[in-house]
Amino acid sequence: MSNLDLHPDVSVCGGRGAVTAEPVRELIAPRRVRLTESTEVRRLLPSLGRRMVGAWCFVDHYGPDDIAQQPGMQVPAHPHMGLQTVSWLLDGEVLHRDSLGSLQTLRPGELGLMTSGKAIAHSEESPAGHSAVLHGAQLWVALPGADRHTDPAFEHHAELPVITSAGLRATVIMGEADGAVSPGTAYTPLAGVDLDLSPGAEARFPVEPDFEYAVLTSSGTVEVDGVPLAPGSMLYLGCGRSELRLRADTESRLLLLGGEPFEERIVMWWNFVARTGEEITQAREAWQSGTRFGTVHGFAGTPVPAPALPPTPLKPRGRTR
Ligand code: MN
């Protein structure tokens, strides 16, 4: 999906030095953001006090929405640079088109992974004849300096590793967890795991002590490391755990995101991740002039125009503002 904010904030973050080695329990409340007339999302990252979790730099949670009589998601062509988009659905379908010519319907349990590298454009829509309910998450992973100018690519993985134990079913979406590895191409050590807990489940899920983690409650009522979490909220956990304690009162879905703390400072504006304000300015100009990012064919709507740059130069503000 896209960051369609008309006045997107600039965020600069990253660096192991800014991550405490001790476990923490820090609640992150969702912020409502209207993407288009028909789509509202809840943004968890970047948030006021937390910019990244590992290389995860953007987390939107949307739905469950009843879109039976509505167009649903209709996000026209927009560009990306310096990141990967990770599309994860709990209900419904999203039709992905991009400037490489990809045309792919994404369904629950499948990974849609778009590596923008140096430049790509894509659109996302609820296809004709879509399901009544749309529910999912749109995530971005920042690419490290060595790989951020790579060629763009799109991957669709319908088969992902699943780990089961009493009351718990874990699907490894990205990276590695409990010895299972996602087929999605990752450029930094990270983990993205969907956790499906049965009513009354008490479970311990192994995690990497050197990774920082956060958990998003997609649905249900759960306790994570003893902290009760309402649906749609996120708990930042920091580093230093070897397992995560989970307890569910009802059938619950969680998204566990983690990774090695991202060492590089990044500049993130609109749909771009860069290292300097100049790179952002150049990318914006390229999109506005119809160069560099290619063309998305088949989506009926007009491409999304880039918002105005902020009046002051894009400059670092620090990981937690
Ligand atoms: Mn997008």
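The values are calculated or read from the model by the stated rules, or taken from the named source; none is laboratory data. Model, not experiment: these values are computed from the prediction. Glycine also receives a Cβ, built like all others from the backbone with ideal geometry; neighbour counts cover every protein chain displayed. Accessible surface areas use protein heavy atoms only, side chains included; no ligands, DNA or RNA. Shrake-Rupley method; radii C 1.70, N 1.55, O 1.52, S 1.80 Å.
Applying 0.36 nm per residue to the separation of A230 and L103 and subtracting their alpha-carbon distance, the gain on full extension is 42.2 nm. Across the options L309, V215, H135, the greatest Cα extent toward the positive end of the charge dipole of the chain (unit charges at beta carbon of Lys, Arg, Asp, Glu) belongs to L309. When its C-alpha radius of gyration is set against 2.2 N^0.38 Å (N residues), region 19-106 gives a value of 1.29.
Computed across the chain, the Kirkwood hydrodynamic radius from all distinct Cα-Cα pairs reaches 19.6 Å. Taking amide hydrogens as placed 1.01 Å from N in the peptide plane, the amide H of T150 sits under 5 Å from those of K118, each at least 5 positions away in sequence or on another chain.
Once the dipole of region 167-244 is set up with Lys and Arg at +1 and Asp and Glu at -1 on Cβ about the Cα centre, which of L244, A186, P199 lies farthest towards its positive end? Comparing the listed Cα positions along the dipole, P199 ranks first. Placing a label point 7 Å from the Cα of E223 along the Cα-to-Cβ direction, the residues of region 248-270 whose backbone N falls under 12 Å of that point are 248-249. Taken about its Cα centre, region 11-259 carries a charge dipole of about 660 debye when Lys and Arg each add +1 at the Cβ and Asp and Glu each add -1 at the Cβ. For the chain, with all protein chains present and a 1.4 Å probe, just round the carbon and sulfur fraction of the accessible area to a whole percent. After summing per-atom areas, the C and S share lands at 50 percent. Heavy-atom accessible surface of H80, to the nearest 10 Å², is about 0 Å², with a 1.4 Å probe and all protein chains retained.
Positive contributions from Lys and Arg (+1) and negative ones from Asp and Glu (-1), summed over other residues with Cβ under 11 Å from the Cβ of T115, come out at -2.
Were the residues from A146 through Q282 laid out at 0.36 nm apart, the gain over their Cα-Cα distance would be 47.0 nm. Ligands, DNA and RNA are left out, and with a 1.4 angstrom probe the accessible area of region 11-259 is 35 Å² per residue. Rounded to whole numbers, the Karplus 3J(HN,Hα) couplings from phi for region 238-250 are x, 10, x, 10, 10, 8, 10, 8, 10, 9, 10, 7, 10 Hz, using 6.51 cos²θ - 1.76 cosθ + 1.60 with θ = phi - 60°, and x at Gly and Pro. Using only side-chain charges placed at the Cβ, +1 for Lys and Arg and -1 for Asp and Glu, the dipole size of region 198-268 relative to its Cα centre rounds to 220 debye.
Each residue of region 142-158 was assigned a 3J(HN,Hα) from its phi angle through the Karplus curve 6.51 cos²θ - 1.76 cosθ + 1.60 (θ = phi - 60°); the sequence is 6, 8, x, x, 5, 10, 6, 9, 5, 5, x, 7, 10, 10, 10, 10, 7 Hz, with glycine and proline shown as x. The relative contact order of the chain comes to 25 percent, based on Cα pairs under 8 Å that sit 6 or more residues apart.
With a cut-off of 19 Å on the backbone N, the residues of region 163-178 near the modelled label site 7 Å out from S242 along Cα-Cβ are 177-178.
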